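S.K.: Quick one: structure below, then a few questions.
The values are calculated or read from the model by the stated rules, or taken from the named source; none is laboratory data. Given the structure is predicted, the values throughout are model-derived calculations rather than measurements. Using ideal geometry, Cβ is built from the backbone for each residue, glycine included, and neighbour counts are taken over all protein chains shown. Heavy atoms of the whole protein, side chains included, go into the accessibility calculation; ligands, DNA and RNA do not. Shrake-Rupley method; radii C 1.70, N 1.55, O 1.52, S 1.80 Å.
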Amino acid sequence: MMEKESRRLVNCATLPICLVLISLVYATFFHSNDTILESWGNLSSEKINIDAVDPQEFLLRRLVRGDDRVQLDSNGFSCRADVHAQVCVANKPVRIYNKGLTVYVPSDSDQPQVKRIVKPYARLEDETAMKRVSPVQILHGKNTIDPPACNFTHNVTAVVFSSKGFTGNVFHEFNEIIIPLFITTRHFRSRVRFVITDFELWWVQKYNRCLSHLSAYEVINPGTDDGSVHCFPGAVIGLTYHDNLALNSTDIPGGYSMFDFKQFLKESYNLKINHVSEIQKPRLMLISRRKTRRFLNEDKMVEMIMELGFQITRVEPEWMYNLDEFAEVVNSCSVMLGAHGAGLTNEIFLPTGAVMVQVVPLQNEWVATTYYGGPAKEMGVRYLEYKIEPEESSLFDTYGKDHPVFTDPKSIISKGYNAFRSVYLDQDLKINLERFKKTLIEAKQIVESSTPIN
């Protein structure tokens, strides 16, 4: 009996050693910058001769599926579009002519040249946003005349996107550019070069840490020299979009999730706090608004927050301009509090287990949940909301309780977005402190009882 037990102990003790040895052997013969799952995941049941596949071609191929992949395999070029975005992929040498933002994609067949126009910004459904985005012309097929000669030759894939649209609003900056850029390029492991149309220097500087962690190369501004031609071994024009502040891990090369994106942000901004339990005394960040959806009794709110035992950080809009510093401030907080608005996008920097409290103005329930409430869970953030009563809205004094603004809101909303915005997005808020106190107590209890899950 003792002999059998001894053998079991030896087997159990040697199992970890065997696993380590297997890992070392694997690393010796299959060395890569990626793990095996990250490099070759999502292959379904198809068989691929790995030795025969060009690394860049393989990475580009992972961006498309179904008929689009068949098309890419057959002629080296594929385009797809949905309600949100247009994305074209070329796995053969391309030339990008700065003048007129033209991309030349050659063809091995005698297929006549086809012109496509793509606006590389992920909000196709919004006409206002897309008016600000310059079109990129793609010429694919047999050229009737030779394309312009290369002035600059690069050895990595080009990724073309616009920094215009609704930039200037942090929600749209993350929603339509930064997250789609992560979805589209993370699996390239920095072996891409960004060609940014509608080049906004302030935006590039603001998000430099994100850009430099997704690409090892300086960005190209095609607007600085309208006569140069940049040549690349392949290209992606446009960015893949999933949903509001969201990543669908089953539809991303490498299977990245919101957890991976938050880890990417931690690395990019050197964020130190992983879990809210690491914060010794609960700290609440109050997002103060200047123009609309202001807290009319904000000073009284601050007094109550401090009385409840929170440290408080009160932030003005200009704080958010320097993202390198502001991300660290957000990461040091246990609770974020604000009225519905773009500033709540910064919940993405909160540590796991933190709480985001959204004050929901009248008739803002859907946008509040869709844009910030729903995504919070995937970020590892607890979400609480405080829906105001009519008496807490400035609309109550402006219109009176019997006005259609209160009795028949559909009659206002049916007039379109501008009518909705001028009434329901432009209201201010006078919070019922006693009623609101319950929400803050709940938030404090959540963070104080939160423990990390291994």
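S.K.: Yes or no: S332 in contact (Cβ under 8 Å) with a residue 40 or more places away in the chain and either in the same structural domain as I305 (by the TED database) or farther than 30 Å from S268 by Cα (or both)?
M.R.: For S332, the condition - in contact (Cβ under 8 Å) with a residue 40 or more places away in the chain and either in the same structural domain as I305 (by the TED database) or farther than 30 Å from S268 by Cα (or both) - is met.
S.K.: Given the criteria surrounded by fewer than 16 Cβ atoms within 10 Å (Cβ to Cβ), at negative phi, assigned to a loop (DSSP other than H, G, I, E, B) and at pLDDT 95 or above, does E218 qualify?
M.R.: Against the criterion (surrounded by fewer than 16 Cβ atoms within 10 Å (Cβ to Cβ), at negative phi, assigned to a loop (DSSP other than H, G, I, E, B) and at pLDDT 95 or above), E218 qualifies.
S.K.: Go through the residues of the range 188-199 one by one and say whether even a single one is part of a helix (DSSP H, G or I) and buried (at least 16 other Cβ atoms within 10 Å of the Cβ).
M.R.: Yes, there is a match, as at least one residue in the range 188-199 is part of a helix (DSSP H, G or I) and buried (at least 16 other Cβ atoms within 10 Å of the Cβ).
S.K.: Looking at the structure I just gave you, is E46 modelled with pLDDT under 95, surrounded by fewer than 20 Cβ atoms within 10 Å (Cβ to Cβ), touching a helix residue (DSSP H, G or I) at 6+ places or on another chain (Cβ under 8 Å) and outside the structural domain of T153 (by the TED database)?
M.R.: no
S.K.: Let me ask you something else. For L429, indicate whether it is at pLDDT 95 or above, within 29 Å of S332 (Cα to Cα) and buried (at least 18 other Cβ atoms within 10 Å of the Cβ).
M.R.: Spelling it out, L429 is indeed at pLDDT 95 or above, within 29 Å of S332 (Cα to Cα) and buried (at least 18 other Cβ atoms within 10 Å of the Cβ).
S.K.: Within the range 153-187, how many residues turn out to be part of a strand (DSSP E or B) and open to solvent by less than 10 Å² (accessible area, probe 1.4 Å)?
M.R.: 6
S.K.: Ok, one more. Could you check the range 334-387 and list, in sequence order, the residues that are open to solvent by 20 Å² or more (accessible area, probe 1.4 Å), in contact with a Leu (Cβ under 8 Å, 6 or more places away or on another chain) and among the aromatic types (F, W, Y)?
M.R.: Hit for the range 334-387 is Y371, nothing else.
S.K.: On to the next question. Out of curiosity, is N248 open to solvent by 40 Å² or more (accessible area, probe 1.4 Å), modelled with pLDDT under 95 and not hydroxyl-bearing (S, T, Y)?
M.R.: Answer is yes for this residue.
Listed here are the residues, each with its yes/no results for (1) closer than 17 Å to H340 by Cβ; (2) among the aromatic types (F, W, Y); (3) open to solvent by 40 Å² or more (accessible area, probe 1.4 Å).
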| position | (1), (2), (3) |
| --- | --- |
| E389 | yes, no, yes |
| G400 | no, no, no |
| K410 | no, no, yes |
| S449 | no, no, yes |
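S.K.: Kindly provide the set of residues from the range 369-397 that are part of a helix (DSSP H, G or I), of a type in the set (V, I, T) and free of Cβ contacts under 8 Å to residues at least 60 places away in the same chain, ordered by number.
M.R.: Of everything in the range 369-397, just one residue is part of a helix (DSSP H, G or I), of a type in the set (V, I, T) and free of Cβ contacts under 8 Å to residues at least 60 places away in the same chain, namely T369.
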